[in-house]
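Worksheet: the structure to be examined is printed underneath.
The values are calculated or read from the model by the stated rules, or taken from the named source; none is laboratory data. All values derive from a computational prediction rather than experimental measurement. Note: accessible area is taken over every heavy atom of the protein model, side chains too, but ligands, DNA and RNA are not part of it. Shrake-Rupley method; radii C 1.70, N 1.55, O 1.52, S 1.80 Å.
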Amino acid sequence: MVDPGRCTSNAWAFDPEHELADRIGMAMVRLNKMHAQMSHQMAKQGMDKSAFVLLATLSGLGECRSSALAEAVLSDPSTVSRQVAALVKDGLVERHADPADGRASVLAVTEAGRTLIKNRRRQRNEAIELMFAEWPEEEFKLFAELFERFVQDYERTVPSYMTDRGTGTRAGGED
């Protein structure tokens, strides 16, 4: 059986100098493919991935203006505004007058939004624990530490790397 993470075609030249980076890059492609499938399933259940990212981010930030939320998810304020309107309509987010400036509003996650996040997080954690069920505890812990480090470095490096090459970043920081 062919490993789906490795290209068996000679259609492109592989540079052995970058083998480890290529292995990680191909694993990320496979992970992104699985993530896209999960996002598609979430959308069928009524929750768009980008809307959930906004909801989860807002939950972590606490009450904030829409512009701050857009900045936090590396997205355009008008796009976030449309997505927030849908979250408000669904009862997952509410708007309040900004205590610092009554002319502006701040966004807050509702109890229904917190419940949704809590349930999705529990489901996600159960699925991840299933994936690691056969791993020794110390390897699971080491992977978590290294993966957190990788994601921190990715978040720090990729936006400036893309900007330096004139390609910019898309919503959610995914390029």
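Angle between the Cα long axis of helix 19-44 and the longest principal axis of the chain, 0 to 90 degrees, nearest 10? Around 40 degrees separate the two axes.
Between the helical axis of 49-61 and the longest alpha-carbon principal axis of the chain there is an angle of about 70 degrees. Per residue, the accessible area of the chain comes to 73 Å² when a 1.4 Å probe rolls over the protein heavy atoms. Our summary of shape: the Cα atoms of region 53-105 have principal axis extents of 26, 23, 21 Å, ordered from largest down, in whole angstrom. Take Asp164: with every protein chain present and a 1.4 Å probe, its accessible area is about 120 Å². Which angle between 0 and 90 degrees, to the nearest 10, do you get for helix 77-89 versus the longest principal axis of the chain when only C-alpha atoms count? Around 70 degrees separate the two axes. Here the chain is described by how far its Cα atoms reach on the three principal axes: 61, 42, 31 Å, from widest to narrowest.
What part of the accessible area of the chain, given as a whole %, is carbon or sulfur when the probe is 1.4 angstrom? Carbon and sulfur: 56 percent of the exposed surface of the chain. Of Arg65, Arg124, the order by accessible heavy-atom surface (1.4 Å probe, DNA, RNA and ligands excluded), from most exposed downward, is Arg124, Arg65.
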